[in-house]
Each structure stands twice: as C-alpha cells, then as structure tokens.
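I have placed the structure first, in the form of structure tokens, so that the comments after it can refer back to it.
The values are calculated or read from the model by the stated rules, or taken from the named source; none is laboratory data. Predicted model, so just to flag it, every value in this text is computed and none were measured. Note that each Cβ is placed from the backbone with ideal geometry, even for glycine, and that neighbours are counted across all protein chains shown. Just so you know, the surface numbers come from the protein's heavy atoms only, side chains and all, with ligands and any DNA or RNA stripped out. Shrake-Rupley method; radii C 1.70, N 1.55, O 1.52, S 1.80 Å.
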Amino acid sequence: MQLLHSLNKKQISFVCNTTQHKRKEKKMEIKGSREWNFGVEEEEQGNTASAVTVRGVLNILYQNIRKHDNNTPVDVVIPIGHGDPSNFPCFRTPPTAEDAVVNALRSANFNSYSYTNGLPSARKAIAEYLSQDLPNKLTVEDVFVTLGCTQAIEMIITALARPGANVLFPRPGFPYYEARAASSKLEVRHYDLIPEQRWEVDLQHVEALSDENTVAMVVINPGNPCGSVYNAQHLEKIAETARKLRFVVVADEVYAHICFGSTPFIPMGVYASIAPVLTLGSISKRLGVPGWRLGWIVTNDPDGILKKSGLTRKIINCLDISNDPVTFIQGAIPDMLQNTTKEYYSKIVAIVKEAAETCYSKIKTNPFIDCPHKPEGSMFVMVKLNVSLLADINDDLEFCLKLAQEESVIVMPGVALGMKNWLRITFAIEPSLLEDGLQRIEVFCHRHAKKQ
C-alpha cells in the first residue's frame, strides 16, 4: 500500500513493535501433535495496516507521555492531534439534541432492533435535512443509517471491493480508508492534493492513476486533514472527471457546514447529475457527539446509475450482516435535526473560526513550521515541518514522539496521513489549551534547533 510504503522500515517496525510485542519467529510446537489451525499467515501486514490509523498512532504518542509513578501525566496533556471537540465545554452539545435522546429513550418506542437500512423516521429526517442544499430532493430510499461514519466507510469499501478493482484516495487523507481497503483486498492509489492551490485535487494526477478497474474516488470536503473547502467550479470539475473516467465519487462530508472562510460549503451531491455520488456524513462533528455513533450513506443518483449497477443492493447486503446504530439515537434524529437552531450552528462555527485564526497566527510566528494555506473549514490544518532547522530530529514521527514525551503535546505526524515531514494540528479545543499547546511546540522547536 502506497501510504504504508511512505513509512520507512524503521518507522514501520517501531509502530508495530510499540503496538504489540513481536512474536518469536520460531513457531511453538507441541510434542506429539501438529500445529494449531488458526495461526495468522499475514501477521506483519495486518499489524502494519491496523497500526497506521489515527487511533493506532495516537495510542503510541500517548504511551510516550511522561508520567508519575501513579501513571498520571507529569503535565497537562494538550490533545491537538485528533478531532473530538466534545471533550471541551465550549463545544457543548445543544440541549435540543440531549432532550431528543432523553425523550426517545423514555418513550419506550425505540427498544427493539432496527431495520437494516435504519428506522424510516430517521432516514426521512436525514433526507429532508440534506435536501435543503440539493437540487434533487432525496427520499427515504436514498438514505442508509450507519453506526457512525466509520461504519459508513467500512460498508462502502466492502461494497466496492472486487477482484482487480482499485480506488483513489487523497494524499494527505484519512488513514481509516486505507486500513479498510487493506482488509477488503482493494488496491489503493493515491492522488495528490496541491498545497499551493488551497489543497485542491490534482485532477491530472487522478487521470494518470485511473484505469478501467478504478471503481471510485474519495473526496473529503471540508478537508480532513487540510482545512480546505472546495468551491463550486472545482467540485464540478471533479464530477466531470468522474464521468469521463466512469467511476463513482465517494464524498466524505463529515465536516459539512463547518466553514469559516470565503468559500461556502457545497455538497458534492449538487453535481450528481454529472456523475453518481455516495455521500458519507454523521452528526458527530456538527453536534459534538462522536460517541453517539450515528452516521449515514446517501445515494445521490438522479439517473439511477448506482441501482442499475447493483452497487446499491451490495451496500444493503453489507448492512444486512453488520451492527445497527443504537435504536433510541435513531429515534431522536427527527427532533434533533429539526429543533437544533441556526444560532447554535453559527456559534460553533464562530468558535472554530476564532480558534483557526489563533492557530494560524501562532504558526506564522514559528520558523520551524510552515502553513501553505490558512484553514477555511473542518477543524484541522496541515503544516510543513522544517526538519533542516532541527539538530536531533530526523522526521515528523520522531518530532511527534519527542514532543509528546517532553511537552505532553499530542500532534499527528503527517506520515500517518501520507505526507512525510508534515504535521496535522487540530484547533477544536479550549482556546487557552490551544495557545498553551502551540507555545509548547515553539519552545520545543527552539530547544532542538541547530546551533547557529
């Protein structure tokens, strides 16, 4: 896999060996009997695929934090390596969402198993919610409720997989896609995002990578990890490229409407009349409830291409043998989406915008990292690490490990996202913690700077 190949052998070995102890090469034999039947044939490959995920890398970084004898951190840990705003009071879940869950639970109407595609009431509410931004109105039949967007990714990758098929993922991107593709034996090819052009898709690279076996292209907008937001012209060009090359666009829109720059959010589904679109989303980021685990797959398919191809049926077949989202959370969705006010959404965007401004201005004063473009959406920014200015740090992974150990600051190394010697920083945390974390990074950099 190309992303994993961007890790050198030493780094892969470190990641895997830190995650779990390496088994002895000599196989254990039992006198007078043959070997057990359940030995793992591709253990090393499986360990690597599971380790290079956001969770896998974060676990390693947290293990590196200095601790007291009672296993508590020496310093306050600053978690700017992953996007979970729910941990911070300024991103408090709206009372309307909490009330919707309580009312659904107490009604005793949602204690049973769910349907394969989700409760009809939840699917209808999601269809109406998303249709507000689309030219073609969605129906209940277009919506499949999932156990968070993570399961939506799993279902889509599983449904797309077939012998010889390949899929196009962005670089940098969200590594869970690659881990799922590895499990499904689906070949991965990475197209570049262009930092100097607001992290837009390199469409020439997409065309060069694609062939008759390319089944899909994943587009993450607003961008994780780049903080980008694509304009209408670029999204239309993506759709036209997909039509030309005959594959489906998988639009990851988990951060939909979390936009605070000059470019508004436009769903990829707007261009579904050009090429079919599978939209992935969830309530986790906009409502600050990732632990509630409710997402969706939506077929934007006005010409019925996905149905005719059998892909829609394959998605349903995958959902038939998977876990369902909690029924009372589904039952709460209609009230949750209808009653949460525009004022709440605007407040969250304003908080994220202010945090992004703080983050960007702090980064600009640090000569050891460079930000090619000010973030305009999501909760992240990608910055380039100037390794040449550091005396005893060779790459981004070593930087993040030492930063965690010395400063108790967690930052995601870019190599885990497909870009070596870059860093992903999230700014969706308490403002005081964000400023403290960025200050600690600058102090750390000066401590490790080459002597002039």
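Each row is one residue, and each column tells you yes or no for (1) out of contact with any Pro (no Cβ under 8 Å at 6 or more places or on another chain); (2) within 26 Å of Asn117 (Cα to Cα).
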| residue | (1), (2) |
| --- | --- |
| Thr158 | yes, yes |
| Pro172 | no, no |
| Tyr176 | yes, yes |
| Ala179 | yes, yes |
| Ser183 | yes, yes |
| Leu186 | yes, yes |
| Ile194 | yes, no |
| Arg198 | yes, no |
| Asp211 | yes, no |
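Inclusion of Thr358 among residues that are of a type outside the set (Gly, Ala, Ser), open to solvent by less than 60 Å² (accessible area, probe 1.4 Å) and more than 25 Å from Lys124 (Cβ to Cβ) is warranted.
Of all residues in the stretch 97-150, those being hydroxyl-bearing (Ser, Thr, Tyr) and assigned to a helix (DSSP H, G or I) number 4. Checking the structure you have, find out if any residue of the stretch 395-402 is touching a Leu at 6+ places or on another chain (Cβ under 9 Å) and of a type in the set (Phe, Trp, Tyr). Yes.
Could you go through the stretch 151-170 and let me know if any residue there is within 28 Å of Glu343 (Cα to Cα), assigned to a helix (DSSP H, G or I) and hydroxyl-bearing (Ser, Thr, Tyr). No: the stretch 151-170 contains no residue that is within 28 Å of Glu343 (Cα to Cα), assigned to a helix (DSSP H, G or I) and hydroxyl-bearing (Ser, Thr, Tyr).
A search for C-beta distances below 9 Å between a residue of the stretch 368-383 that is closer than 22 Å to Arg447 by Cα and open to solvent by less than 10 Å² (accessible area, probe 1.4 Å) and any residue that is modelled with pLDDT under 95 and not hydroxyl-bearing (Ser, Thr, Tyr), counting only pairs 6+ apart in sequence or on different chains, returns Val383/Pro372. Of everything in the stretch 385-402 that is within 24 Å of Glu430 (Cα to Cα) and touching a residue at least 40 places away in the same chain (Cβ under 8 Å), the residue that is farthest from the chain's Cα centre (by Cα) is Lys402.
Given the criterion at pLDDT below 95 and assigned by the TED database to the domain that holds Asp320, identify the matching residue among Asn109, Asn136, Asn117. Of the residues listed, the single one that is at pLDDT below 95 and assigned by the TED database to the domain that holds Asp320 is Asn136. Only one entry in Leu160, Leu168, Leu147 is under 29 Å from Val289 (Cβ atoms), open to solvent by less than 20 Å² (accessible area, probe 1.4 Å), modelled with pLDDT of 95 or more and in the same structural domain as Val254 (by the TED database), namely Leu160.
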